[in-house]
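Notes follow the structure.
Just so you know, all these numbers are worked out from the coordinates, no wet-lab data involved. As the structure is a prediction and not an experimental result, all values here were calculated from the model. Methodologically, a virtual Cβ is constructed for each residue, glycine included, from the backbone with ideal geometry; neighbour enumeration extends over all protein chains shown.
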Amino acid sequence: MSRVLSIMIALLAIAAIATPVMAEDRLGLAGQLRVRGWHVDDGGSYTETFADQRLRIGGKLSIAEGVSVTFRTDITESDWGSGNVNGSGRTTVGGSDFQSQHWDRAHLDLSKNNMHLRAGQQFIKLGNSGVDQQSNGLAFNLKGAIPVSVFSLLVDDNGSDNDSDEFISGIRVGHSTDLYAANAFVGNWNDGMEADVYVIGVTSSFNLDAVKLYGEVEYFTGDFNDAMNIDAVGLQLFLDGSLAASEAATVGAQFFYAQGTDDADETQVHLLGSGFDGWDPLLDVGTGLSNERIALGNPYELLGSDAGVIGGRLYGMLKASDALNLGASVAYLEPEEDSSAVYDSKLVLAGGVKYAVMPNTSLDLQLQYVDPDPVVGSADEEFSTGVGLFVNF
């Protein structure tokens, strides 16, 4: 073997060893594979039992100091038996509404000193129910004792006329200590045509050792449909207090209020954005199954689109062992504006179990019951259950 050939082989061997090390240093991956089963019964004509799955992979590629790229994709997200004959691993084509893969994060981040810029497809959420949107856009953060964030997301480029582009934009300022954290924000949704709606909100949380408190208030105003002279209205309040009664048990209470309206020139607004992340607190009992296929939805709109809500919830969580966690809750809701209500009330019960069967692997079970009382006629009780295996990596 010639000397030159020997040197080339040695260099190739070094490169083969060094490349994975370099890639490992630059790329961090995390995600989850879940397989779940569901049973839904509305007490009437609809009953269904089915299974689904999803592989979620997210990663951050550190390019240089202060420079990174983030991505997240969901693969084979589908009901069993509803995709390709060979399973859901092949992306569908031909305009199908069902896609076996989609990308929901793809953005770059530039950080220098106390400044941070994020550009690309990203997720913005202000409060639980102020702004909740995933879109392409820009976000700029100024770090400090009182950090400031501004963002603008392009929701829809409605053709060549720039005046008709749809944006969700906003600004948030905050302050925090070991005792509390508070944020104030203003958001705007402008569809470039008839809608120009604003939200003003404040959130605050307090950590008092065994006692934890959270409060959130939002006020919506502006034009919901300028052409039809319909105004946007909304005032909503959420309070949550919990007590660690022991090292293993936690009990808590929540209060919900949302202003309704019976004015033909007004419509209740409870959120700016698509609600990509969702908010389903009435069924949160510590499993990975709430806010999913057996979700109720945002409590501010559960009794009618303009009815508002007045309600409360009691919940408890118990760590029965290192591997076993239990949760249960009961909630009751009534409309704030009776004349706009579809339901006079709703009673919601939920219970859940989370069991660590192996490291980073859990078996979750959730049962829930909804007793609706409609304004007109009658409605049957609804029963739903879900079970799932989750592997986090």
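Against the chain, whose longest principal axis comes from its Cα atoms, helix 3-26 is set at around 20 degrees. Just the Cα atoms of segment 137-185, one point each, no solvent: what log10 I(q)/I(0) does Debye give at q = 0.13, 0.29 Å⁻¹? So the normalised log intensities are -0.44, -1.02. Here, the chain is characterised by an Rg to Rh ratio of 1.02, where Rg is the alpha-carbon radius of gyration and Rh the Kirkwood radius.
Projected onto their three principal axes, the Cα atoms of segment 300-346 cover extents of 49, 14, 11 Å, largest first.
Distance between the pseudo-spin-label points of Phe255 and Thr47 (7 Å out from Cα toward the beta carbon): 4.2 nm. Note on segment 253-393: the C-alpha convex hull projects to 9.6 nm² when averaged across all orientations. Charge dipole of segment 135-211 (Cα centre as origin; +1 on each Lys and Arg Cβ, -1 on each Asp and Glu Cβ, all else neutral): 620 debye, rounded to the nearest 20. Computed on segment 120-231, the Cα convex hull volume stands at 103 Å³ per residue.
Cross-link reach is defined here as a Cα-Cα straight distance under 29 Å, omitting same-chain residues fewer than 8 places apart; for Lys143 the lysines meeting it are Lys60, Lys112, Lys125, Lys212.
Dividing the Cα radius of gyration of segment 183-293 by 2.2 N^0.38 Å, with N the residue count, gives 1.32. Stokes-Einstein diffusion for segment 194-255, with the hydrodynamic radius set to the Kirkwood value over Cα pairs and evaluated at 37 °C in a medium of 0.692 mPa s, equals 235 µm²/s. In the chain, helical runs assigned H by DSSP with n ≥ 4 each contribute -39500 (n - 2.57); averaged across all residues and rounded to the nearest 500, the mean residue ellipticity at 222 nm is -2000 deg cm²/dmol. Sequence-ordered 3J(HN,Hα) estimates for segment 375-381 from the Karplus curve with 6.51, -1.76 and 1.60 and θ = phi - 60° stand at 5, 10, x, 9, 9, 7, 5 Hz, glycine and proline given as x. For the peptides 67-76, 300-309, the ranking by packing is 300-309, 67-76, with the highest mean count of neighbouring Cβ atoms within 10 Å listed first. Once the chain from Ser62 to Glu247 is taken as fully extended at 0.36 nm per residue, the excess over their C-alpha distance is 62.7 nm. Each Lys and Arg contributes +1 and each Asp and Glu -1, all at the Cβ; summed about the Cα centre of the chain, the dipole is approximately 3040 debye.
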